[in-house]
Amino acid sequence: MKKIAVILADGFEDLEALTPVDLFRRCENVLCTTVAVNNINAVSSHGVTVMADTTVYNVNFNNFDAIILPGGMPGATNIASCSLVMKAVENFLNSGKLVGAICASPAVVLANNGLIDGKSATCYPAPAFIDMMKVCVYTASDVEVCDNLITANGPKSAFKFALELCKYLDINPKF
């Protein structure tokens, strides 16, 4: 069984978080867990409250095969400020486990913290985010796969991103 953690922090982007969750939960032999950074109820950048399955304080990230980082602001900043998530992301990248990041997260969470130096990646095409990506090879693609890192450029690519995550994990959503 594949076990996937999707991180929810206040200010997350709805499509970028819930599209992967929806696809993962349509797959057999997959356990998708939504993990809140603070309170069990995370509020999206569009004011939608989502009750997560658990919080970072009650989960062992070592039990997961993949960790997914939605974008949205200030969601990405809130993820980056959570030391428990940042340690898990670093461990995943170093151990070959899948890290998926979309929109602001490739820049704010990963590049800004020196976690993807030299890797090919994409992010939301805002100049401030692209500036943060100077430590890596910014591709401007909708979705970019580089080893165990999958990045995407934003809400318009959320479904494509989720499908690429499923492909990498060799899981098939039932529609």
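Computed from the coordinates by the stated procedures, all read-outs in this text should not be read as laboratory data. What you see is a predicted model; the values in this text were computed from it and never measured. When we count neighbours, we look across all protein chains shown, and the Cβ atoms used for this are built from the backbone with ideal geometry, even at glycine.
List of remarks:
- Among Ser81, Ser120, Ser95, residue whose mean-square fluctuation peaks in a GNM of the chain (springs only between Cα atoms under 10 Å): Ser95
- The chain - percent relative contact order, Cα under 8 Å, separation 6 or more: 23
- Of all the options Glu28, Glu90, Glu164, the one that moves most in a Gaussian network model of the chain with Cα springs shorter than 10 angstrom is Glu28.
- Shape class of the chain from the alpha-carbon gyration tensor: rounded, with the ratio a/c of largest to smallest axis under 1.5.
- Sorted peptide list for 7-13, 137-143, criterion being average Cβ within 10 angstrom, highest first: 7-13, 137-143
- Fraction of antiparallel bridges per DSSP, the chain only, in percent to nearest 5: 25
- Counting neighbouring Cβ atoms within 10 Å and putting the fewest first, the residues Leu110, Leu149 line up as Leu149, Leu110.
- Taking the average, over residues, of other Cβ atoms within 10 Å as the packing measure, peptides 62-70, 46-54, 100-108 rank 100-108, 62-70, 46-54 from highest down.
- Region 85-172: C-alpha gyration tensor shape, a/c 1.5 cut-off, then a/b vs b/c: oblate
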